[in-house]
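Novice: Structure in structure tokens, see below.
FYI, it's all coordinate maths here, none of it is from the lab. Since the structure is predicted, the reported quantities are computational estimates derived from the model, not experimental observations. Glycine gets a Cβ as well: all are built from the backbone with ideal geometry, and neighbour counts include every protein chain shown.
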Amino acid sequence: MKKNNLGTGAGFVLILVWCLLPVAWIISLSFKSPEETAAGSPQFLPKDATLQNYRDILDNPDFLDALRNSFGIALIATFLSVVFATLAAYAIARLEFRGKRAVLSLALAIAMFPVVALVGPLFDMWRTFGLFNTWPGLIIPYMSFTLPLAIWTLAAFFREIPWELEQAAQVDGATSWQAFRKVIVPLAAPGVFTAAILTFFFAWNEFVLAISLTSTTGSRTVPAQLSYFVGPDPFNPPYGQLATASVVVTVPIIIIVLIFQRKIVAGLTSGAVKG
Amino acid sequence: MSTSVAPAAAQEPRRPGKLGKAPATARSVSENRLGLRLVAPAVILMLLVTAWPMIQALYLSMFRYRLTAPDDKEFVGIGNYTTILGDSLFWQDTFNTVLIMVITVAVELVIGFAFAMVMHRIIFARGLMRTSILIPYGIITVVSAFAWQFTFSINNGWVNSWFEWLPWIGPDTNWFGDHWPAMFAIMVSEIWKTTPFMSLLLLAGLSQVSEDMLEAAKVDGATWWQRLFKVILPNMRAAIMVAVLFRALDAFRIFDNIFVMTRGAQDTESSSFLTYRQVIEQLQLGLGSALSVLLFLSVLLLAWLIVKLFRVDLAQARGEG
């Protein structure tokens, strides 16, 4: 028994190191001065910690544009995707209709779809429709690719909701709106919220479409902008600034994870193991 | 909207008989119609961005069509496909992709399972553990690629100085100067980023293994390894297969890490990267579309192989059977 606890404790430390070391590394890099990284600085911690990189990056209009695009596109895609997924998941969890299995299979197929295979045709189509290098040009495909995950997560949650409670409330004299508002919404909200978080992560992370369907900072998102962030000397990338930008865009993720960790884990595993 | 429907639906039997058709009552007809209406927007959106462009790609793939010379569009039949399949670069990239997929998924399965075991057992600091495991999952892949690129960097990385005691690593080891070290670095980034996802899926499967059965095996004198291989793993089969299926298909699409870390230098290009390069950089829409179709077919084949090979019943695994 004692040996087991030791093993678990060691495993715990190992997991923390594994997960957090690279994050600690970019944070440390972000505090190294440009002179230090230009000269080559293989030690882990900065010699003289400086905020220079943060000042530079928050003054960089391209980066700020990318941040604005990322937030805008990810939030709009998340909102719309979750609305459509909620309708579909409600039908799947609660109603009997023909083609229910076909919808689930379609969602599964799209979750596995190689996104890059769409780059060519979408690039061509979007140029024709004037959607190339616009927010909707990214929002539309992001919605399509997050719908499967959102539908599964929500359908799994909705199956667990005791819907009889709604009738019980009506029997007790609540109007149907009250029953829906006071009983069903609070029960369904956590699921909807979880689906929204997972969807947001996807849209915030997406890279292939972001570099293929945009061409200027008018709609380029953070991952795409970061990959173009070369600086004046192509043979010496601005390590510090790249690391700083990385830290800045990771902060929202860390905040979301800190607040909603339980929900995210539940959402990630709900669809996958049992319905 | 749901308010008016919910009571009506709740009075309906959930499944009107496993076999045979339900009688077409007015209510079941209207339920059917409502169901279709509710899923329609999602289904249309999903098809709009996948099925339609895919048909477009099928059509374009039969032309020699370069955006820089749109007037030279010319029907070539399966010419693009024969060009691709006869090109060694295509096979090199396919080999790289399959290699990355097999190695990363295998390593992630082992590490992810170890993580799941620790998370399953641990009784303290569960919140801290969950938070740290979710950070790699949530972090942008491009950021992960940069973090690992800097880790392996010859000027600014710590790998060379920390692991100098290994015979094949010195202060001048250039990880991105050769094929295998570069592939190694790419795989490390991929594994770091996606192991948490794997471990969470496995943890969910692990928590469904009955404690009683484990206790019984222990009483019967089964060793730790026997319990692992005879009780725990067989009972987690569904969870393992779902995790492998999802991760394998995801790894097959690898793009971000390669784009950031090597841009395909040192022959580290993947199938996705090749497709991207043909379409976006070379503007070869015909050839690129043919590559897209081939990529789509390989993913289908791969999914089919995994499902057949491991007999994954997704419906059952998802509790929809």
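Novice: For peptide B:155-165, how many partner chain Cβ atoms fall within 10 Å of a residue's Cβ, on average?
Specialist: Partner Cβ neighbours, averaged per residue: 4.
Novice: Looking at the calculated P(r) for region B:225-314, what percent of the C-alpha pair distances fall above 20 Å?
Specialist: Of all Cα-Cα distances in region B:225-314, 52 percent exceed 20 Å.
Novice: Using a Gaussian network for chain A with springs between C-alpha atoms less than 10 Å apart, which of these wobbles most: A:Ser219, A:Ser70, A:Ser33?
Specialist: Looking only at A:Ser219, A:Ser70, A:Ser33, the biggest GNM fluctuation is shown by A:Ser33.
Novice: Compare B:Arg64, B:Arg277, B:Arg27 in a GNM of chain B, Cα atoms joined below 10 Å, and give the one with the largest fluctuation.
Specialist: Between B:Arg64, B:Arg277, B:Arg27, it is B:Arg27 that shows the largest mean-square fluctuation.
Novice: Let's see if you can work this out: charge +1 on each Lys and Arg Cβ, -1 on each Asp and Glu Cβ, no other charges. What is the dipole magnitude of chain B about its Cα centre, in debye to the nearest 20?
Specialist: In total the dipole reaches around 1480 debye.
Novice: Mind checking B:288-295 for the average number of partner chain beta-carbons within 10 Å of each residue's beta-carbon?
Specialist: So the per-residue partner count for this stretch is 4.
Novice: Same structure, new question: Between A:Ala24 and B:Val219, what FRET efficiency comes out of the Förster formula 1/(1 + (r/R0)^6) with R0 = 51 Å and r the beta carbon distance, rounded to 0.05?
Specialist: 0.70
Novice: Also, I was wondering about something else. With a Förster radius of 51 Å, plug the Cβ-Cβ distance of B:Trp165 and B:Ala69 into 1/(1 + (r/R0)^6) and report the FRET value to the nearest 0.05.
Specialist: In this case the efficiency is close to 0.35.
Novice: Who wins for biggest fluctuation among B:Phe246, B:Phe124, B:Phe95 in a Gaussian network model of chain B, springs between alpha carbons below 10 Å?
Specialist: It is B:Phe124.
Novice: Please give the Cα centre distance for region B:65-110 versus region A:26-84, rounded to the nearest Å.
Specialist: 34 Å
Novice: A follow-up question, please. Which of A:Lys100/B:Lys193; A:Lys263/B:Lys218; A:Lys47/B:Lys193 have a Cα-Cα distance over 32 Å?
Specialist: Over 32 Å apart, Cα to Cα: A:Lys100/B:Lys193; A:Lys263/B:Lys218.
Novice: Using the number of other C-beta atoms within 10 angstrom as an exposure proxy, rank B:Lys73, A:Lys100, B:Lys193, A:Lys47 with the fewest first.
Specialist: Listing B:Lys73, A:Lys100, B:Lys193, A:Lys47 from fewest to most nearby Cβ atoms yields A:Lys47, B:Lys73, A:Lys100, B:Lys193.
Novice: Taking only DSSP H segments of four or more residues, each worth -39500 (n - 2.57), what value at 222 nm results for the protein assembly as shown once the sum is divided by all its residues, to the nearest 500 deg cm²/dmol?
Specialist: Helices in the protein assembly as shown give a 222 nm mean residue ellipticity of -23000 deg cm²/dmol.
Novice: Follow-up. Per residue of A:250-256, what is the mean number of Cβ atoms on other protein chains within 10 angstrom of that residue's Cβ?
Specialist: Mean number of neighbouring Cβ atoms from other chains: 3.
Novice: Need the full-extension length gain, A:Ala39 to A:Val251, defined as separation in residues times 0.36 nm minus the C-alpha distance. One decimal, nm.
Specialist: That pair, A:Ala39 and A:Val251, stretches by 73.5 nm at full extension.
Novice: Separate question: Could you pull the Cα extents of region B:168-321 along its three principal axes, largest to smallest, in whole Å?
Specialist: Sorted from largest, the Cα extents of region B:168-321 read 64, 48, 21 Å.
Novice: Let me ask something else. Over its Cα atoms, what ratio of radius of gyration to 2.2 N^0.38 Å does chain A give?
Specialist: After normalising by residue count via 2.2 N^0.38 Å, the value is 1.24.
Novice: Which of A:Glu96, B:Glu281 has the fewest other C-beta atoms within 10 Å, and how do the rest follow up to the most?
Specialist: B:Glu281, A:Glu96
Novice: What order do you get for B:Ser30, B:Ser189 when you list them from fewest to most C-beta neighbours inside 10 Å?
Specialist: B:Ser30, B:Ser189
Novice: Would you mind giving the average projected area, over all directions, of the Cα convex hull of chain B in nm² with one decimal?
Specialist: Averaged projected area of chain B's Cα convex hull equals 26.0 nm².
Novice: What share of all Cα pairs of the protein assembly as shown, in percent, falls into each consecutive 20 Å distance bin?
Specialist: 18, 51, 27, 3
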